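Colleague: Got a structure for you, written out below as structure tokens; questions coming shortly.
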Amino acid sequence: MKYLSTRDKQIRLSAAEAIKMGLSRDGGLLTPETIPVIDEAFIKSLIPAPYPVRAAKVMALYLDDYPEAELLSFAGSAYGADRFDTPAAAPLRKVDDATYCLELWHGPTSAFKDMALQMLPRLLSAALVKTGETKTACILVATSGDTGKAAMEGFADVPRTSIMVFYPKDGVSEIQEAQMVTQEGGNVGVCAVVGNFDDAQAGVKRIFSDTAIRDTLDKRGVFLSSANSINWGRILPQIVYYISAYCDLLRDGVLVMGDKVNFCVPTGNFGDILAAYYAMRMGLPVGKLICASNRNNILTDFLRTGVYDRNRKFYTTMSPSMDILISSNLERLLYDLSGENDAEVRGYMAALSRDGKYQVSEGIKTALNGVYWGGFCDERGTSDTIGRYWRDYGYLIDTHTAVAADVLEQYRAATGDRTVSVFASTASPYKFCDHVLDAIGQPPKGTGTALLDQLHEATGTPVPTRLAALKRKQRRFDLSAEKADMDAVVLNFLK
Ligand SMILES: *Cc1c(COP(=O)(O)O)cnc(C)c1O
């Protein structure tokens, strides 16, 4: 199977090349030329299978240059007991008879990014071999918190890769900083940048486009690559858990084969909910995909009006991983809904960069409304939902998950749809102790890792072991740089 650019179908690459490159040279997103179909027999065969087997079988449908046995060995270690705290990897938790929560934060960094960032490094390092690449890949990441840690944890000590993460000095939580500066691995580097996230990101983009740096690194046998969610190697592992959730609902007798299920997903860059869409297009019986946003509700407006308009105020919220105004992966959805019309997609994306907005055709709008429903939840609603879930169900959820839980209720109230629904839980509440404590009526006392204990004592829920261990971990990195010196940091790191 080939991978095509959403902006130019003539660009055709193998899966390994697509994963190695991340983004197409024309700026488009590399997307499978056909969507493989699964039938009832396939779904049935996955019901008794452990998570790594489910993952290998689903991913093999898309990656014909990776033998299934190779994928199985990758999935076995990616989702293994030394990395995930449950063999189910992505377990379902029942809320009530019609509502289930898909917990995606049981991996090493307690955020859903682990589901993909534990697989991507293995896929990428194999891609180097498959494509005859002789150089080492250096992954550069600018992070606002979650992605940097999950990417380092995934790439640590992966052969023929290295990773350098830049984070804004005063822009991440104390827990997030502690997670990053204690990271182990011989091929990792971390540096605080004086400035905000945009400064760190602008610095990384500048390094990517600097041909002098590229030449220097080339002579040292290194090329730069990226691990953000436009890489197909990050979307594919996410398709697996939607199919896996359906298998679990069949296994537990909640559904019978063919029954529909709705998925509600807290959305930022549109990667997670796009994976649910691919699962549906593959033949998984899905009713509606419910796209949940926080106060940055650009997607809610888009789904209701067909106009995507980023000319609006940006809000910093308590669900920071969803604070985003350009949802890059939407481009893959537009490509599919337009009937793979690359010229049409190219037009929308040109309008977005020229005017900051575009309006989709009537055809796309109708198709969108057939599949998606969009809603948003503000700060007050997020906090109230965490409190209500704790009181009513004894279930402690984080700020991102709460947005999804609330929007699912809005959807039901608006439509009367009683289809069994699954909402995605994307982070452990222990990553956002301060907001979660406030929401359950326990004002936070102290800062940083001290709050882990307070939340544990207030709720009796277990602290994820790796977060609890942060207190005892050695700080390994103490590097900090001005924005202008980031190039030197990279060149020094790759010496
Ligand atoms: C990244 C992230 C999201 C948003 O996922 P997208 O794939 O970017 O839509 C939601 N919640 C958490 C905790 C995240 O880290």
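Colleague: Quick one: dipole size for the chain, taken about the Cα centre, charges +1 on Lys/Arg Cβ and -1 on Asp/Glu Cβ, in debye to the nearest 20. Walk me through the numbers before you get to the answer.
Modeller: Working: 54 positive and 59 negative charges, 117 e Å.
That gives a dipole near 560 debye.
Colleague: While we're here: Quick one: how many lysine pairs in region 383-495 have C-alpha atoms under 23 angstrom apart, if they're 8 or more apart or on different chains?
Modeller: Numbers: Lys431/Lys445; Lys431/Lys471; Lys431/Lys473; Lys445/Lys471; Lys445/Lys473; Lys483/Lys495.
Lysine pairs satisfying the spacing and distance rule in region 383-495 number 6.
Colleague: Further question: Please work out whether the chain counts as rounded, prolate or oblate from its C-alpha gyration tensor, where a ≥ b ≥ c are the square roots of the eigenvalues and a/c under 1.5 means rounded, while otherwise a/b larger than b/c means prolate and anything else oblate?
Modeller: Working: a/c = 1.31, a/b = 1.08, b/c = 1.21.
Rounded is the answer for the chain, as its axis ratio a/c remains below 1.5.
Colleague: Contact order normalised by length for region 1-143, with contacts defined as Cα pairs under 8 Å and 6 or more residues apart; what percent is it?
Modeller: Working: 166 pairs, mean separation 28.3, N = 143.
The value is 20 percent.
Colleague: What are the ³J(HN,Hα) couplings of region 183-189, residue after residue, when phi is run through the Karplus curve with 6.51, -1.76, 1.60 and θ = phi - 60°? Round to Hz, x for glycine and proline.
Modeller: 4, 8, x, x, 10, 10, x
Colleague: What relative contact order, as a whole-number percentage, does region 304-373 give when Cα pairs under 8 Å and 6 or more residues apart are counted? Mind dumping the intermediate values first?
Modeller: Working: 47 pairs, mean separation 27.6, N = 70.
Averaging sequence separation for qualifying contacts and normalising by length gives 39 percent for region 304-373.
Colleague: Using Cβ counts within 10 Å as a stand-in for footprinting exposure, how do Thr401, Thr449, Thr461, Thr382 rank, fewest first?
Modeller: Placing the least packed residue first, the sequence is Thr461, Thr449, Thr382, Thr401.
Colleague: Sticking with this one: If you average the alpha carbon positions of region 285-343 and of region 422-495, how far apart do those two centres end up, in angstrom?
Modeller: One Cα centre to the other: 28 Å.
Colleague: Under a 5 Å amide H to amide H cut-off, with H placed in plane at 1.01 Å, what residues pair with Ser421 once short-range neighbours are removed?
Modeller: Thr99, Tyr100, Asn262
Colleague: Treating cross-link reach as a plain straight distance, find the lysines whose alpha-carbon is under 21 Å from the alpha-carbon of Lys20, omitting any fewer than eight places away in the same chain.
Modeller: Lys2, Lys9, Lys113, Lys130, Lys135, Lys149, Lys205, Lys219
Colleague: Short version: ³J(HN,Hα) in whole Hz for each residue of region 252-263, in order, from phi by Karplus 6.51 cos²θ - 1.76 cosθ + 1.60 (θ = phi - 60°), x for Gly and Pro, what are they?
Modeller: Once rounded to whole Hz, the list reads 8, x, 6, 10, 10, 3, x, 4, 8, 9, 9, 10.
Colleague: Also: Search the structure for amide H atoms under 5 Å from the amide H of Ser162, placed 1.01 Å from N in the peptide plane, and list their residues when 5 or more places away or on another chain.
Modeller: For Ser162, the qualifying residues are Ala137, Cys138, Ile139.
Colleague: A follow-up question, please. Can you tell me which lysines have their Cα less than 18 Å from the Cα of Lys94? Leave out same-chain residues fewer than eight positions away.
Modeller: Straight-line reach from Lys94, under 18 Å: Lys260.
Colleague: Taking θ as phi - 60°, what are the ³J(HN,Hα) couplings along region 222-232 by the Karplus curve (6.51, -1.76, 1.60), each to the nearest whole Hz, with x for Gly and Pro?
Modeller: 10, 10, 8, 9, 9, 10, 7, 7, 7, 6, 4
Colleague: Please identify every one of the trypsin sites (Lys or Arg not before Pro) in region 1-82 that sits in a loop by DSSP and has no more than 13 other beta carbons within 10 Å of its own beta carbon. Don't skip to the end; give the middle numbers.
Modeller: Values: sites: Lys2, Arg7, Lys9, Arg12, Lys20, Arg25, Lys44, Arg54, Lys57; in loops: Lys2, Arg7, Arg25.
Hits after loop and neighbour filter: Arg25.
Colleague: Using Cα pairs under 8 angstrom and six or more residues apart, how large is the relative contact order of region 112-173, in percent?
Modeller: Working: 73 pairs, mean separation 25.3, N = 62.
Relative contact order for region 112-173 comes out at 41 percent.
Colleague: So, one more: Using Cβ contacts closer than 10 Å as the measure, can you line up Lys288, Lys473 from fewest to most? Intermediate values should be presented prior to the final figure.
Modeller: Values: Lys288 20, Lys473 15.
Result, fewest neighbours first: Lys473, Lys288.
Colleague: Dipole size in debye (nearest 20) for region 30-93 around its Cα centre, Lys and Arg Cβ +1, Asp and Glu Cβ -1? Spell out each step's value before the answer.
Modeller: Working: 5 positive and 9 negative charges, 74 e Å.
The dipole magnitude comes to about 360 debye.
Colleague: I need Tyr395, Tyr389 ordered by Cβ neighbour count within 10 Å, fewest first.
Modeller: Tyr395, Tyr389
Colleague: Another one. So, in Å, what gap is there between the alpha-carbon centers of region 49-128 and region 242-264?
Modeller: First find each Cα centre; the distance between them is then 18 Å.
Colleague: Then there's this: What shape does region 354-495 take by its C-alpha gyration tensor, where a ≥ b ≥ c are the square roots of the eigenvalues and a/c under 1.5 counts as rounded, a/b above b/c as prolate, and the rest as oblate?
Modeller: Working: a/c = 2.75, a/b = 1.21, b/c = 2.28.
Oblate, because a/c is 1.5 or more while a/b does not exceed b/c.
Colleague: Could you pull out every residue, at least 5 positions away or on a different chain, whose amide H is within less than 5 Å of the one on Leu479? Hs are placed 1.01 Å off N in the peptide plane, and Pro or chain starts have none.
Modeller: Ala192
Bear in mind that the values in this text are calculations on the coordinates, not laboratory data. Model, not experiment: these values are computed from the prediction. As a convention, Cβ positions derive from the backbone with ideal geometry for all residues, glycine included, and neighbour counts pool all protein chains shown.
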